[in-house]
Amino acid sequence: MSEKQCIKTPPITIASGVNIIKYACLADRCQEGFEKWGDARRHMKNVCHVEGKPKMSDSAEKASRFFTTKPDYVDPTLESRFSGKLKTDHAPSETELVDLVKDYYSKGSDSENHRKHVMSRVIRPTYGHFEFHKFGFGTFEEFSKRHGLEVYRN
Ligand SMILES: [Zn+2]
C-alpha cells in the first residue's frame, strides 16, 4: 500500500445514466476520475507523479473501463454468493427484479411464449447466468406468485 494511493471516486452519473467522468488518472493503482482533462492532468502531475506526458486517449479509455462498466472492486460476499457470476456491482433488490420482469412482460405480447423467456432474455443478460434463487427471493415461481406475476414453468 503506497501512501500516495488515491481515494477511490465513486462512479458519478447524471440522471440520464450518462457518465460525466471522462478521464482517469493513469497511475496503475489509482482509480481517481475527472470530468475535465485539465484536472486529470494536474492530479497526475501533482498527486500521483505519473511520468512522461499522459495521453488524453489513454486516460479516457481507462475512465470508460472504470466508470462505465463493472467497477474493479468486487464485494467478496457477492463474489461467493453468485460464484463470481453476478455481472452488476450490487445484487438487485426484490423491487428492481419485479420492475425488470414487469417491464419485460409489458413489452411483448401477452403470450406464454413471450413470458417464458424472461430468464434468458432479460434476467440473465442483465445479472448473469446463475439460478434465480441466488438472488435470495426464492425460486422464480415463488417470487412471481408473491408479486402476482404470471407464472410459467420451465
Ligand atoms: Zn491518481
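The values are calculated or read from the model by the stated rules, or taken from the named source; none is laboratory data. None of these values were measured; they are calculated from a predicted model. Cβ sites come from the backbone with ideal geometry, for glycine too, and all protein chains shown count toward neighbours.
Output yes when any residue across the stretch 129-142 is more than 23 Å from S80 (Cα to Cα) and touching a residue at least 40 places away in the same chain (Cβ under 8 Å), and no when none is. Before the answer, list the steps.
Keep residues of the stretch 129-142 that are more than 23 Å from S80 (Cα to Cα), which gives 141-142.
Within this subset, residues satisfying the condition of being touching a residue at least 40 places away in the same chain (Cβ under 8 Å) are none.
No: zero hits.
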Looking at T77, T88, T139, T126, which one is loosely packed, with under 13 Cβ neighbours inside 10 Å and under 29 Å from A24 (Cα atoms)? T77
Within the stretch 81-89, is there a residue that is of a type in the set (D, E, K, R) and outside any loop (DSSP other than H, G, I, E, B)? yes
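Quick check on my filter: what residues within the stretch 95-111 are surrounded by fewer than 12 Cβ atoms within 10 Å (Cβ to Cβ) and assigned to a helix (DSSP H, G or I)? Walk me through how you get there before you give the answer.
Taking the stretch 95-111 as the starting set, the residues that turn out to be surrounded by fewer than 12 Cβ atoms within 10 Å (Cβ to Cβ) are 95, 103, 106-107, 109-111.
T95, D103, S106, K107, listed by residue number.
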Which is at pLDDT 85 or above and among the aromatic types (F, W, Y), of Y104, Y73? Y104
Taking only pairs six or more apart or across chains, which ones have beta-carbon atoms under 7 Å, a first residue in the stretch 46-65 that is under 16 Å from K36 (Cα atoms), and a second residue that is away from the ligand (no atom under 13 Å from the Cβ) and outside any loop (DSSP other than H, G, I, E, B)? M56/W37
